[in-house]
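Have a look at the structure below, then the notes.
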Amino acid sequence: MIEAHALTKRYGGRTAVDRLTFTVRPGRVTGFLGPNGAGKSTTLRVVLGLDTPTSGTVTVAGRPYAELPAPLRTVGSLLDAGGTHSGRTARHHLAGLAASNSIPRGRVDDVLDLTGLTDVADHRVKGFSLGMNQRLGIAAALLGDPEILLLDEPVNGLDTEGVRWIRTLLRTLATQGRTVFLSSHLMSEMELTADHVIVIGRGRLLADTTVRDFIEANSQAHTLVRSPEPERLRGLLEARGATVRPEARGGWRVDGPDAATIGDLARDHGLALHELTPARSSLEDVYTALAGGASEFRTQERQEATR
């Protein structure tokens, strides 16, 4: 378990983390979300004892990280997959970590196999791709068979197969009763992986709830509509006060009138419909709406949309 209470971190006159209180519990995958500059990386660094909080407390398995007798056996972490010495092989890198933490040498082979690196175990890291470096970082995090995993952007650089693999791995570890704390900007993947989300913006807590409840509490019902006469349909809908936006798969996303009203409107004007699907917001939709106002860096399009 990871517990933070009134956690605050300031750098000079800037507050990166502002009285943040949350608990990351075992047995589930907890997503850590927030826009760039929200304070996620600072929070993770404070959890791992890399930065000292200005005030407040954070404990890992009931203790500050610096007081853990065997850190790698308690917490496995990945903050920067590129931090490995490029002249070492993957096996030597992991063997050094194992020796320094009194972890049996056989565990090195276990995590190399688990992360799909066995065939390149004796290759120097400088020849690794971004995805291979990411797998090595995950192997290091798993080396001590820890009860807690803390991972920052673990799918970064992974191909589709790798993304599916890490999703399955994290969910499996959670079902074993471990604590999994996961930071990512990929909302679609987070929706598939996480059970719970902690959302922050400008260092402050915005939400701490299950993924399902987060979506249901903040989403808006809408309708996906496709027609062979899209512009005519759009004109009719906007004349009725609907908000009409392009949908990623084609067609329109319509906010306002429900599906039955849209169907009746199309019928009354002799307009064919190829799709008329009631829908609710995705995690990405809800997160963007909630966190957009708390983002340190905002695009011109978002600024105009929130005026």
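Is one or more of the residues making up segment 12-24 assigned to a loop (DSSP other than H, G, I, E, B) and crowded, with 22+ Cβ neighbours inside 10 Å?
No; the residues of segment 12-24 include none that is assigned to a loop (DSSP other than H, G, I, E, B) and crowded, with 22+ Cβ neighbours inside 10 Å.
Inspect segment 66-84 for any residue being on the phi > 0 side of the Ramachandran plot and either of a type outside the set (D, E, K, R) or within 24 Å of the chain's Cα centre (by Cα) (or both) and give the result as yes or no.
No.
Cβ-Cβ below 8 Å, separation at least six or inter-chain, first residue in segment 37-64 and at positive phi, second small (Gly, Ala, Ser): which pairs?
What qualifies is 37/295; 39/16; 39/203; 49/66; 56/4; 56/6.
Kindly check whether there is at least one residue in segment 172-181 that is in contact with a helix residue (DSSP H, G or I) (Cβ under 9 Å, 6 or more places away or on another chain) and assigned to a helix (DSSP H, G or I).
Yes, some residue in segment 172-181 is in contact with a helix residue (DSSP H, G or I) (Cβ under 9 Å, 6 or more places away or on another chain) and assigned to a helix (DSSP H, G or I).
Would you be able to tell me the number of residues in segment 251-284 that are part of a helix (DSSP H, G or I), of a type outside the set (Val, Ile, Thr) and out of contact with any Pro (no Cβ under 6 Å at 6 or more places or on another chain)?
9
Would you tally the residues in segment 37-51 being aliphatic (A, V, I, L, M) and assigned to a helix (DSSP H, G or I)?
Of the residues in segment 37-51, 3 are aliphatic (A, V, I, L, M) and assigned to a helix (DSSP H, G or I).
Where residues in segment 204-250 are in a loop (DSSP other than H, G, I, E, B) and of a type in the set (A, V, I, L, M), which of them is farthest from residue 24 (Cα to Cα)?
242
If residue 192 passes every condition in (1) surrounded by fewer than 17 Cβ atoms within 10 Å (Cβ to Cβ); (2) under 30 Å from residue 35 (Cβ atoms); (3) touching a residue at least 40 places away in the same chain (Cβ under 8 Å) but one, which one does it miss?
Exception for residue 192: condition (3).
Each reported figure results from applying straightforward, stated rules to the coordinates on display, with no laboratory input. Note that the coordinates shown come from a computational prediction; the quantities given were computed from them, not determined experimentally. Virtual Cβ from ideal backbone geometry, glycine too; neighbours counted across all protein chains shown.
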